[in-house]
Amino acid sequence: MWTANQISEAFAREVAPRYLVRDRDRAFGLPFRARVECMGIEEMLTAPRSPWQNPFVERVIGSARRSAWTRSWSSTSGICRAA
């Protein structure tokens, strides 16, 4: 339901896009799909277990993971040097 409200708010004052490329996440349930259909947006689903088909989102997720790993690695390496 939250995602359905978000798509409506995102395009409340603007023309909705013609297509929406999305993955098969459970967050995009029946309320979301119904709202998108009512807005006249055609959904294009990526193949299952194919993150390379959605490169923009995967780039952000990958950057966040690397950043978190770097922070955790540098904090533990400081502990090792102190010992």
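Residues that are surrounded by 15 or more Cβ atoms within 10 Å (Cβ to Cβ), out of contact with any helix residue (DSSP H, G or I) (no Cβ under 7 Å at 6 or more places or on another chain) and part of a strand (DSSP E or B) within the range 8-28 comprise just one, ARG22. Residues in the range 29-53 that are modelled with pLDDT under 90 and of a type in the set (Phe, Trp, Tyr): TRP52 alone.
The values are calculated or read from the model by the stated rules, or taken from the named source; none is laboratory data. On a predicted model such as this, the values are computed, not experimentally measured, just so you know. For neighbour counting, all protein chains shown are included, and Cβ atoms are generated from backbone atoms with ideal geometry for every residue, glycine included.
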